[in-house]
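Have a look at the structure below, then the notes.
The values are calculated or read from the model by the stated rules, or taken from the named source; none is laboratory data. Bear in mind the structure is a predicted one, so any value in this text is a computation, not a measurement. Note that we place each Cβ from the backbone using ideal geometry, even for glycine, and neighbour counts take in every protein chain shown. Areas reflect the complete protein model, heavy atoms only, side chains present, ligands, DNA and RNA absent. Shrake-Rupley method; radii C 1.70, N 1.55, O 1.52, S 1.80 Å.
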Amino acid sequence: MRAARLLLLLLAAVVPAAGAQEVCTTSAALVWKNLPFAVQRDSFVVEYDDTPNAQGIDGHTALAARSVTAYAGLAVITRFNTANRIDAYNSGLYAATTPVAYTAGQRYHFRVTVRVPTHRYTVTVTPPGGVSALLADNFRFRLGQDTVAALGYWTVYASTAASHTVCNWKLTALAAPPPSTSVTFTPQPLDFGTVDVGRSSPILSSTLTNTGAGPLNTCIGVTLPAGCQARSSMTGSSSFQYYSDNCTSLAPGASCVLQYVFVPSAGGTVTGSNVIQTTGGPFPLTFVGVGTDTAPSQPPPPGAVVATTVTIQPVEVGLVVTETQQLYGVISRSDGSADPLPGSVALAWLTWASSDPTVATVNAVGLVTARKPGTATITATNAESVAPVVGTARIVVTPQVFVSAAGFSVATLPSHPRSTFPAIPLGTGAYRVAILGAAGDTVAWFRGVVRVPGPQ
């Protein structure tokens, strides 16, 4: 009777249910059965159903770099051991994160997640009708196999006459993890020293280097949109501002230069940072500066040279959403001098502001960015005198419009025989022009001086 029952258990382990198609391999005593699979060099998952055909067996299911004839060649091992428990090999010995007992004739489902580059693996095992148990949590490959670059064989072996049967062996390659990302700043930190309240410091620079293994696309903002491996944001005191941030794409080992200014809004020592957040962690460039309030409280003495006017160049600008425009400030003084010279950026003597930052923003050195359609006034204030001197510029922002009809192109339009039409000025020296198609629809925008109502 006992022999008949054992025979039924063996048949249940290897004979599939009606209509099912299984591929099974049964161990034989002291015989190494090696089966090749597609070579794996990154992370992958192996799943299989393993049935012990008796109690107290010593049956192994393993992964290896090559065909083996000894235990030393196995890298990843799960085992039905002679104490009627399931375990796995961890570096130099068998162990189990969660003890799992086995019963002859019962089919156990194994899921093995393998990470070849780190030579680690994790195993879960599910008994029939039961709950998955964590058998091996981040176990190491067997010693001697913990430097292999790839795995390409699975092996079934038993050191006892009693066997085990492996069915439904399946491999799934996992997407390779993104390369590690890290950056360094040089120099670090940036010390702006002492700066008068309301004025801008000289520009300080730091070199950002991609020290990670993959390319780095840096995005400024709160979240990481698609394609960005890093987020750049300013934290701490708002007195520290970007002057130039052109580090949008860096190959491994490549560098770029970031520039900053310090415009203290109050006296005292302040700190801040520019944080580059990557998958490798936050990498901050720290800032420190001291604001001092040295504005004169009394009128200047007779004959003193003082600022008389501030002129912004250009005085009126037309932009489309997302465009930028550098404004320049010229301070005229009572002795007839102009400081700085026209065409240079006034840093240490002007404070820039926008009447409507939702339409157009301006940074500490006069760089305007169009945000949404509308009109904004940009001011540049010189606070050297008791009564501040202010210059203004008008910014007109229009929507971004793309080509929407055939028949015209910006490149060929100027040669159109009927292309002489009245200009629509939006500001001194800057125009935003609509090109209309035959049906009166807008075909494109370009910077010029004509409005084209379509073919005549």
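Points to keep in mind about this one:
- Listed by position, the strands (runs of 3 or more DSSP E) enclosed by the range 114-224 that each have at least 1 residues that are open to solvent by less than 60 Å² (accessible area, probe 1.4 Å) and closer than 30 Å to SER265 by Cα are 183-186, 190-196, 204-210, 216-220.
- Of the criteria (1) part of a strand (DSSP E or B); (2) within 15 Å of VAL166 (Cβ to Cβ); (3) open to solvent by less than 20 Å² (accessible area, probe 1.4 Å), which one ILE57 fails: (1)
- Considering only residues in the range 84-94 that are within 15 Å of GLY59 (Cα to Cα) and touching a residue at least 24 places away in the same chain (Cβ under 8 Å), the one that is surrounded by the fewest Cβ atoms within 10 Å (Cβ to Cβ) turns out to be ASN84.
- Residue under evaluation VAL116, criteria (1) at pLDDT below 95; (2) within 21 Å of THR25 (Cα to Cα), criterion not met: (2)
- Residue within the range 335-353 that is at pLDDT 80 or above and either more than 25 Å from GLN259 (Cα to Cα) or not β-branched (Val, Ile, Thr) (or both) present: yes
- Looking across the range 97-113 at every residue that is open to solvent by 40 Å² or more (accessible area, probe 1.4 Å) and closer than 22 Å to ALA162 by Cβ, the one that is farthest from the chain's Cα centre (by Cα) is identified as THR103.
- Looking across GLY227, GLY253, one residue alone is over 19 Å from TRP352 (Cβ atoms) and at pLDDT 85 or above. It is GLY253.
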